[in-house]
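Peer 1: Dropping a structure here in structure tokens format, bear with me for questions.
The values are calculated or read from the model by the stated rules, or taken from the named source; none is laboratory data. None of these values were measured; they are calculated from a predicted model. Every residue, glycine as well, gets a Cβ built from its backbone with ideal geometry; the counts of neighbours run over all protein chains shown.
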Amino acid sequence: MDETESAGRPSQLGAGPVFRGRYLSITSYKRDGRGVATPVWFVQRDGRLLVQTDAASGKLKRIRRNPQVRIALCTASGRLRGEEVQAVAEILPDAEIGPVERLIADKYRFDMIIFRPLRLIQARLHLGRPRTGPAILGITPS
């Protein structure tokens with residue numbers, strides 16, 4: 001790991017920045033312009049960061065309205081580990097769900113053993129919320 005990566009900033013290799021870490025903070029914007037930061041798991045493919053989220057999530061609704069986001073490596077609790085970078089997010093076609101889920105499962109295999117059962121319990125406790133499927137965000141750093 002070089003000095004740049006250890007500081008939490010993306011390193012430059014080839015086509016674009018390479019983000020090495022386990023968590024990414026995505027800041028998306030409400031209608032009034034206030035930012036909402038969310039730590040997420042991510043994978044990187046072809047210079048783009050890929051994130052799986054719930055199709056009814058707040059971040060997805062905000063990104064539909066305004067695709068401009070800020071991203072940075074962070075801890076699981078959301079504490080930034082480096083400088084934020086401007087980026088553009090887009091909702092990818094449903095055909096991307098399976099391939100991205102496999103990439104995420106490969107990267108976070110041991111985390112999923114712990115967190116998947118907890119997420120299922122959490123989903124069941126939200127009885128009034130409609131159940132929706134996953135959605136994939138493609139995030140391209142500016």
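Peer 1: Spot the failing condition for Gly133; the list is (1) over 18 Å from Pro39 (Cβ atoms); (2) modelled with pLDDT under 70, and only one is missed.
Peer 2: Unmet for Gly133, out of (1) over 18 Å from Pro39 (Cβ atoms); (2) modelled with pLDDT under 70: (2).
Let's see how each residue does on (1) at pLDDT 95 or above; (2) not in a strand (DSSP E or B):
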{"position": "Arg20", "(1), (2)": "no, yes"}
{"position": "Leu50", "(1), (2)": "yes, no"}
{"position": "Thr53", "(1), (2)": "no, no"}
{"position": "Ile71", "(1), (2)": "yes, no"}
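Peer 1: Now a separate question. Going by what's in this entry, would Val88 be described as β-branched (Val, Ile, Thr) and farther than 11 Å from Leu137 by Cβ?
Peer 2: So Val88 fails the test.
Peer 1: Give the residue that is modelled with the lowest pLDDT, with candidates limited to residues of the range 90-108 that are touching a Phe, Trp or Tyr at 6+ places or on another chain (Cβ under 9 Å) and not aliphatic (A, V, I, L, M). Break it down into steps so the answer makes sense when it comes.
Peer 2: Residues of the range 90-108 that are touching a Phe, Trp or Tyr at 6+ places or on another chain (Cβ under 9 Å), as a first pass: 104, 107-108.
Among the residues that remain, those that are also not aliphatic (A, V, I, L, M) are: 107-108.
Numbers: Lys107: 92, Tyr108: 89.
Applying the filter and picking the extreme gives Tyr108.
Peer 1: May I ask you to verify whether Ile63 is buried (at least 17 other Cβ atoms within 10 Å of the Cβ), under 14 Å from the mean Cα position of the chain (by Cα) and within 15 Å of Ile26 (Cβ to Cβ)?
Peer 2: yes
Peer 1: So Ile104 passes all but one of these: (1) in contact (Cβ under 8 Å) with a residue 40 or more places away in the chain; (2) assigned to a helix (DSSP H, G or I); (3) surrounded by fewer than 16 Cβ atoms within 10 Å (Cβ to Cβ). Which condition number does it fail?
Peer 2: Looking at each condition in turn, Ile104 falls short on (3).
Peer 1: Could I ask something else about it? Given (1) surrounded by 15 or more Cβ atoms within 10 Å (Cβ to Cβ); (2) at pLDDT below 90, where does Leu13 come up short, assuming only one miss?
Peer 2: Just one mismatch for Leu13, condition (1).
Peer 1: Could you tell me how many of the residues in the range 74-101 are assigned to a helix (DSSP H, G or I) and not small (Gly, Ala, Ser)?
Peer 2: Residues that pass the stated criteria total 6.
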